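Derivation of every value follows stated rules applied to the coordinates shown; laboratory data play no part. These numbers come from a predicted model, not from an experiment. Using ideal geometry, Cβ is built from the backbone for each residue, glycine included, and neighbour counts are taken over all protein chains shown.
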Amino acid sequence: MNSYSIWAQPSGMLASSLQTEIDHLASTNAAPSFKPHVTIMAGAEATEHEILALASELAAQLKEENC
């Protein structure tokens with residue numbers, strides 16, 4: 001089994017704005033830049049099939065909640 005993480009990533013203007021701020025803070029603090037995201041789940045031990053099924057289920061639930 002492998003270890004997987006699931007992230008939510010913004011898009012559009014929000015992603016661009018957050019990336020600009022992350023890049024600025026990274027350069028100011030000699031730190032690495034990264035893509036803006038929220039970690040939904042980290043370090044899940046599962047098969048690829050299991051993690052894809054979980055991600056699909058999560059996406060369906062979020063869609064139902066209009067998230």
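So the values come out like this:
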item	result
Separation in nanometres of the label points that stand 7 Å from Cα toward Cβ, at Met1 and Met13	4.4 nm
Acute angle (nearest 10 degrees) that the helix 12-28 long axis makes with the longest principal axis of the chain, alpha-carbon atoms	60 degrees
Per-residue HN-Hα couplings for region 44-52 [Karplus 6.51, -1.76, 1.60; θ = phi - 60°; Hz; x = Gly/Pro]	6, 7, 6, 7, 4, 4, 5, 5, 5
Relative contact order %, the chain, counting alpha carbon pairs below 8 Å whose residues are six or more apart	45 percent
Most mobile listed residue (Ala53, Ala30, Ala44) in the chain, GNM with C-alpha springs under 10 Å	Ala30
The chain, helix-only ellipticity at 222 nm - DSSP H runs n ≥ 4, -39,500 (n - 2.57), divided by all residues, nearest 500	-17000 deg cm²/dmol
